[in-house]
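The values are calculated or read from the model by the stated rules, or taken from the named source; none is laboratory data. Small disclaimer: the values here were computed from a predicted structure and weren't measured. Ideal geometry is used to build each Cβ from the backbone, glycine not excepted, and the neighbour counts take in all protein chains shown. Ligands, DNA and RNA are excluded from the accessible area calculation, which covers all protein heavy atoms including side chains. Shrake-Rupley method; radii C 1.70, N 1.55, O 1.52, S 1.80 Å.
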Amino acid sequence: MKEIVIKTPEEIAKMRHSGALLAKVFAMLDGVIREGITTMEINDRAEAFIVEELKSRPASKGQYDFPYVLNTSIDDVICHGIPSASKILRSGMIVNVDITLEKGGFIADSSKMYCIGQVTPIAKRLVNNVYQSMWQGILAVKPGATLGDIGHAIQRHAEQAGYSVVREYCGHGIGREMHEGPAVLHFGQPCTGTVLQEGMVFTIEPMINQGDHRIKQKKDGWTVVTRDKKLSAQWEHTVAVTADGVEILTLRDEERLMGYTERY
């Protein structure tokens, strides 16, 4: 992980704009992602919208030689699911769509879970709990708090519900580069780790498993699945540490309707 880059107010304003554009991508996909669509169609619709409508760059395409603009991680896939023309969404699936967007030299990163058709109560409970776990981590962000406070808040909420936190993947600093410092673990101890300060910008993106936290990577070199084949879910936002709290740079309109705001 690279060094931590403190952002100026002007740079955060640019990241705020990138985040707002990324939120528009999800708003568009809300009308696209449904039973019967392929994950490659999702990828292609997102790419066209980012490039043609938003005049922006899909930051994931070409990063580490990844050929697509997003990840689609279904059911037991924890992360890095590869879009495919043969992978069709079916009723009962849960899918994480993870997208990055660069505008004006700065990158925003966010992901959202979609429940396809009739999803079991067990799957829906996992999806909802991981969303709340992410928010527990977000609400722990403020100057003087630590990365351990964020990880602890997420881990406590997830484990109290009977779930496990993936250890091998974490949030990360973000800005001109997709991956900057710090590494933001989704488990940990309070009052430990790097102390947060105004101007830090990073992602919070817990990956939570229904069963055991252990993982397995497939032979394609990208797709990561649960070792016990049980479900996994993830949500992600890009956030900035403010003078007195936190700002969510990738907040979506649907979340505003739920009562969430950009700043806490």
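All of Leu21, Leu89 fail the test of being modelled with pLDDT of 95 or more and within 21 Å of His172 (Cβ to Cβ), apart from Leu21. Candidates in the stretch 106-155 are the residues that are part of a loop (DSSP other than H, G, I, E, B) and touching a helix residue (DSSP H, G or I) at 6+ places or on another chain (Cβ under 7 Å); of these, the one that is most open to solvent (accessible area, probe 1.4 Å) is Ala140.
Candidates are the residues of the stretch 3-45 that are among the basic types (Lys, Arg) and assigned to a loop (DSSP other than H, G, I, E, B); the one that is most open to solvent (accessible area, probe 1.4 Å) is Arg34. Beta carbons closer than 7 Å, at least 6 apart along the sequence or on distinct chains, pair a first residue in the stretch 196-219 that is on the phi > 0 side of the Ramachandran plot with a second that is open to solvent by less than 10 Å² (accessible area, probe 1.4 Å) for Gly199/Val241.
Listed by position, the strands (runs of 3 or more DSSP E) inside the stretch 178-254 whose residues that are out of contact with any Lys or Arg (no Cβ under 8 Å at 6 or more places or on another chain), modelled with pLDDT of 95 or more and open to solvent by less than 60 Å² (accessible area, probe 1.4 Å) number at least 2 are 180-184, 201-204, 207-209, 232-234, 237-241. Remark: Met15 matches the filter, which requires a residue to be among the aliphatic types (A, V, I, L, M) and in contact with a Gly (Cβ under 8 Å, 6 or more places away or on another chain).
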